[in-house]
Amino acid sequence: MEIRTLRYFLAVAREENMTKAADILHVSQPTLSKQLKSLEDELGKKLFNRHSFSIELTEEGMLLKKRAEDLVSLADRIQDEFQAMDEVTGGEIFFGLAESWQIRFLARMIKDFKTRYPRMRYHITSGDTEQVTEKLDKGILDFAVLAQEPDRSRYQCMKFPEPDIWGVVMPKDTSLASKKEITVDDLIGLPLFCSEQSWRYDIPRWCGNRMDELHLEGSFRLSYNGAMFALEGLGYLLTFDHLIDTSDKLVFRPLSPRLETYMYLVWRKHHAFSPIAERFLREIQEKQ
């Protein structure tokens with residue numbers, strides 16, 4: 001299986017049209033069709049359902065799309081790293097970030113580093129711990145910011161200096177918004193929104209054996225989306241302070257007792273960094 005063939009496959013999956021994909025790839029449509037048919041034969045699975053004017057991925061095709069995106073991304077990265085190997089003043093660094101106000105500390109590090117190495121380029125991917133550690137383990141990312149204690153047998157890490165504070169985001173006109181702090185008793189029987197990761201690991205630290213008394217109405221990986229549902233009166237969002245704009249129709253009220261989560265900048269042990277990423281790591285370690 002060649003990387004070039006996977007690029008062809010991804011172009012067709014993206015465009016959902018063989019003619020458009022062939023034009024973008026600058027190949028003939030018969031050549032493209034032949035490459036995709038060979039790929040299907042090699043894998044022994046049908047990857048596309050072909051219609052009169054479009055094509056769509058089968059379940060097997062959707063699985064390959066996810067894997068192919070990672071493989072092509074890694075291939076591009078290997079090529080870029082070797083091209084930049086003799087130039088320590090430039091190159092690319094890849095980050096996967098959880099949502100947090102503490103990201104500002106990382107932004108300051110990057111800004112300071114980029115003033116001295118202006119040819120450095122950085123790429124940001126957002127996601128929860130499961131999403132970013134998957135890419136970190138595959139070597140697609142250099143660094144990840146996690147909202148939970150990392151596995152120190154696999155990763156090295158740097159703890160951010162301040163914690164994130166948990167609370168509830170809700171419309172200003174709800175009766176609960178009149179309170180200065182929110183307790184477990186306040187949330188009993190209410191529809192709650194939270195990320196699955198936090199519902200499993202963070203909220204139980206706060207409410208202990210009363211977890212069964214709380215009702216998870218829906219889970220969101222992005223707090224902004226959860227806030228929009230809260231704004232429409234569908235429930236109450238459990239999230240970090242400062243992630244949601246509460247200047248208009250929403251308010252944030254901290255949990256009581258206080259619940260905190262620290263963020264960690266992590267990287268794989270024995271990861272082969274590019275020269276610029278190696279220098280970035282060395283400098284942030286020296287500042288600890």
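The values are calculated or read from the model by the stated rules, or taken from the named source; none is laboratory data. Remember, predicted model here, so these are calculated numbers, not experimental data. Neighbour counts are summed over all protein chains in view; Cβ atoms, including those assigned to glycine, are modelled from backbone coordinates with ideal geometry. Areas reflect the complete protein model, heavy atoms only, side chains present, ligands, DNA and RNA absent. Shrake-Rupley method; radii C 1.70, N 1.55, O 1.52, S 1.80 Å.
For the chain, find the longest principal axis of its Cα atoms and tell me its angle to the long axis of helix 103-116, 0 to 90°, nearest 10.
So the inclination is approximately 50 degrees.
Enter the Cα centre distance for the pair the range 264-288 and the range 123-137, rounded to the nearest angstrom.
Distance between centres, Cα-based: 17 Å.
With both partners inside the chain, how many of the DSSP beta bridges are antiparallel, as a percent to the nearest 5?
Antiparallel: roughly 55 percent of the beta bridges in the chain.
Rounded, prolate or oblate: pick one for the range 6-71, where a ≥ b ≥ c are the square roots of the eigenvalues of its C-alpha gyration tensor, a/c under 1.5 means rounded, and failing that, prolate if a/b is larger than b/c, else oblate.
rounded
With a 1.4 Å probe and every protein chain left in place, work out the accessible area per residue of the chain in Å², rounded to a whole number.
For the chain, the per-residue accessible area is 55 Å².
Are there trypsin sites (Lys or Arg not before Pro) in the range 117-217 that DSSP puts in a loop and that have at most 15 other Cβ atoms within 10 Å, and which ones?
LYS138, ARG152, ARG154, LYS172, LYS179, LYS180
For the pairs LYS66/LYS114; LYS37/LYS65; LYS34/LYS138; LYS65/LYS114, note any where the Cα-Cα span goes beyond 23 Å.
Going by Cα-Cα distance, LYS66/LYS114; LYS34/LYS138; LYS65/LYS114 fall outside the 23 Å limit.
Could you work out the Rg to Rh ratio of the chain, with Rh taken as the Kirkwood radius (inverse of the mean 1/r over all Cα pairs)?
On the Cα set of the chain, Rg over Rh gives 1.05.
What is the mean projected area of the alpha carbon convex hull for the range 117-248, to one decimal in square nanometres?
In nm², the orientation-averaged hull projection of the range 117-248 is 10.8.
What percentage of the solvent-accessible surface of the range 179-220, computed with a 1.4 Å probe over protein heavy atoms, is contributed by carbon and sulfur atoms?
So the carbon and sulfur contribution to the accessible surface is 46 percent.
Give the relative contact order (percent, whole number) for the chain; include only Cα pairs under 8 Å separated by 6+ residues.
21
Provide the FRET efficiency to the nearest 0.05 for the ASP23-SER126 pair, computing r from the beta carbons and using R0 = 22 Å.
0.10
Roughly what angle does helix 275-286 make with the longest principal axis of the chain, taking Cα atoms, 0 to 90 degrees, to the nearest 10?
Computed tilt is about 20 degrees.
How large is the dipole of the range 40-170 about the Cα centre if only Lys and Arg carry +1 and Asp and Glu carry -1, each at its Cβ, rounded to the nearest 20 debye?
With Lys and Arg at +1 and Asp and Glu at -1, about 460 debye.
With a Förster radius of 51 Å, plug the Cβ-Cβ distance of LEU231 and ASP41 into 1/(1 + (r/R0)^6) and report the FRET value to the nearest 0.05.
Approximately 0.50, to the nearest 0.05.
Quick one: Kirkwood hydrodynamic radius for the range 179-288, alpha-carbon pairs, angstrom, one decimal?
One decimal place: 16.4 Å for the Kirkwood radius.
With the Cα gyration tensor of the range 1-148 giving a ≥ b ≥ c as the square roots of its eigenvalues, does the rule (a/c under 1.5 for rounded; else a/b larger than b/c for prolate; else oblate) give rounded, prolate or oblate?
Here the range 1-148 falls in the prolate category.
From the residues PHE53, SER100, ILE203, which one has its Cα farthest along the dipole of the chain in the positive direction, the dipole being from +1 and -1 charges on Cβ of Lys/Arg and Asp/Glu about the Cα centre?
Result: SER100, furthest along the dipole toward the positive end.
What's the longest bit of the chain with no exposed GluC sites (Glu not before Pro), using DSSP loop states and at most 16 other Cβ atoms within 10 Å as the test?
88-180
Using a Gaussian network model of the chain whose springs link C-alpha atoms within less than 10 Å, name the residue from HIS26, HIS242, HIS215 with the highest mean-square fluctuation.
So, out of HIS26, HIS242, HIS215, the one fluctuating most is HIS26.
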